[in-house]
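A.B. asks: After the structure tokens below, expect a handful of questions from me.
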Amino acid sequence: MNARPKKSFGQHFLHEKRYIERIVSSISPKPEDVVVEIGPGEGALTLPLLAAAGKLTAIELDTDLIPDLQARAAAVGELRIVHSDVLKVDFTALARELGAERLRIAGNLPYYISSPILFHCVDHAAAIRDMHFMLQKEVVDRMAAEPGSKVYGRLSVMLQLACRVEPLFTVPPGAFRPPPKVDSAVVRLLPLPAEQRHDADPERVHAIVKAAFAQRRKTLGNALRQLMDAAAIEAAGIDPKARAETLAPLDFVRLAKVPTQA
Ligand code: SAM
């Protein structure tokens, strides 16, 4: 406990009790839930989550933190720590292995890879019931942004196509050791039920969204030039002179569904 936090692993340990309690009560884990924590660190969230759920799987990259956490958890519940980079964990396979219909995932995420972790979870959304994440506040603002907002972009569209995004509350830097330079926020993500998920090719959707926002000041006609021509954009009922930031998430699905020319 109280190891020197490692910058390279994005370690900012949460120590303020009232925020820990707020996160745990937002999650409200039940013994029948299958809970997975990303980056348990010194266990600020792990131990109270474990106390409520009885069992928990945690994924931690820093080997140095594991023995102490494993020892402290012994009296609280059944903690299984997987030593791995979370980006290499197949959540769909993990759900199957743990006998869960869907996982409940939580974590105070390492900020240096927060977007890749979010995209990775979205890829496994069908195997996830909900996610509660601490992130930079600025990232939560982007995730929840609506069309027309300055911060609406690739993250907003990709997240909103897969999940309901519910920002919960802000957490100040002083709640962590060491304090990060920015405000943080806790967000809840609820993967959409199967009947509300889009049926376009996910890779095509992602390629279009990525290209559209890579050059957000350009018109769609220009930004998507490598992927589709103006006629194809019009075929989706969208003006090729429009800019990506004016499109709703489902407009990108319509673009992805326009048949590509042979
Ligand atoms: N949950 C703890 C807390 O709230 O105090 C620690 C949060 S700290 C912001 C992020 C944690 O993620 C650290 O324990 C860090 O070692 C771990 N981590 C960093 N990169 C990771 C990765 N790629 N896969 C899994 N865990 C990672």
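A.B. asks: Residue by residue, what Karplus-based ³J(HN,Hα) values in Hz, rounded to whole numbers, does segment 212-217 have, using 6.51, -1.76 and 1.60 with θ = phi - 60° and x for Gly and Pro?
C.D. replies: For segment 212-217, the Karplus-derived couplings read 4, 8, 5, 10, 5, 7 Hz, x marking Gly and Pro.
A.B. asks: Students often get this wrong, so check it: of K7/K88; K55/K257; K55/K181, which have C-alpha atoms separated by over 32 Å?
C.D. replies: K55/K257; K55/K181
A.B. asks: Another one. Assuming a ≥ b ≥ c are the square roots of the Cα gyration tensor eigenvalues, decide whether segment 7-196 counts as rounded (a/c under 1.5), prolate (otherwise, with a/b larger than b/c) or oblate.
C.D. replies: oblate
A.B. asks: Relative contact order of the chain, please, whole-number percent, based on alpha carbon pairs below 8 angstrom and at least 6 residues apart.
C.D. replies: Normalised by residue count, the contact order of the chain is 15 percent.
A.B. asks: Would you mind checking the tilt of helix 114-123 against the longest principal axis of the Cα atoms of the chain, expressed as 0 to 90 degrees and rounded to 10?
C.D. replies: 70
A.B. asks: While we're here: Based on DSSP H runs of at least 4 residues, each adding -39500 (n - 2.57), what is the mean residue ellipticity at 222 nm of the chain after dividing by all its residues, to the nearest 500 deg cm²/dmol?
C.D. replies: So the calculated ellipticity at 222 nm is -10000 deg cm²/dmol.
A.B. asks: In whole Hz, what ³J(HN,Hα) sequence does segment 153-164 give by Karplus (6.51, -1.76, 1.60; θ = phi - 60°), x for Gly and Pro?
C.D. replies: x, 4, 5, 4, 5, 5, 5, 6, 6, 10, 9, 7
A.B. asks: Rule-of-thumb check for segment 131-210: C-alpha Rg over 2.2 N^0.38 Å?
C.D. replies: Taking the Cα Rg and dividing by 2.2 N^0.38 Å, one obtains 1.24.
A.B. asks: What is the antiparallel percent of DSSP beta bridges lying wholly in the chain, to the nearest 5?
C.D. replies: Once the DSSP bridges in the chain are tallied, antiparallel ones form about 50 percent.
All of the numbers you see were taken from the coordinates with simple rules; none came from a lab. As the structure is a prediction and not an experimental result, all values here were calculated from the model.
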